[in-house]
Amino acid sequence: MSTHHIEVAGEMQAISRIIFGEPASKANSRRVVKIGNVSRLIKSSKALNYLEVFKQQCRPLASLMTGDLRVTMRIFYASRRPDLDESLILDLMQGLIYENDRQVKEKHVYWGLDPERPRTELMVECIPSIAPEKKPRTKRGRRGEATA
């Protein structure tokens, strides 16, 4: 596992990780099982295995990243068959890298092929907050008309 951190003034600004293994597509990561007379959705064995692999390789940060985030992922699959799907990985980073995947405001996701070493190369960066521009105030006369 490879890890890099960039800190500015004590706050995590960027982190990169390489997670080995092939992620399950979130759309295909559930299966239907019958418990009694009730059908339930549970995670597929591939999704459960990847969850364990991910947690072993992606240790939680001492302090989770805050604010708006940009995520760049290069997902290298073992074959051409899987669809590009980063959603399971975004879910798994919750509580490890950031609090909630709603913080991700920008995503760059790339599909790659590497039959020998399927993996995900991650980069999570803080997006600097930009204060919205304030409109200049105009003076209003007694009847509400703008005055110079």
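So, in region 57-74, exactly how many residues are basic (Lys, Arg) and in contact with a helix residue (DSSP H, G or I) (Cβ under 6 Å, 6 or more places away or on another chain)?
Of all residues in region 57-74, those basic (Lys, Arg) come to 59, 70, 74.
Remaining after also requiring in contact with a helix residue (DSSP H, G or I) (Cβ under 6 Å, 6 or more places away or on another chain): none.
Of the residues in that region, 0 qualify.
Across region 88-131, what is the number of residues that are among the small types (Gly, Ala, Ser), out of contact with any strand residue (DSSP E or B) (no Cβ under 7 Å at 6 or more places or on another chain) and over 19 Å from Leu64 (Cα atoms)? Before the answer, list the steps.
Within region 88-131, the first condition is being among the small types (Gly, Ala, Ser), and the residues that meet it are 95, 112, 129, 131.
Add one more test, that the residue is out of contact with any strand residue (DSSP E or B) (no Cβ under 7 Å at 6 or more places or on another chain), and what stays is 95, 129, 131.
From what's left, over 19 Å from Leu64 (Cα atoms): 131.
Count: 1.
Could you look through region 97-129, keep only residues that are surrounded by 15 or more Cβ atoms within 10 Å (Cβ to Cβ) and of a type in the set (A, V, I, L, M), and pick out the one that is farthest from Leu61 (Cα to Cα)?
Of everything passing the filter in region 97-129, Val109 is farthest from Leu61 (Cα to Cα).
Laboratory data are not the source of any read-out in this text; all were calculated from the coordinates shown. All values derive from a computational prediction rather than experimental measurement. Backbone-built Cβ (ideal geometry, glycine too); neighbour counts: all protein chains shown.
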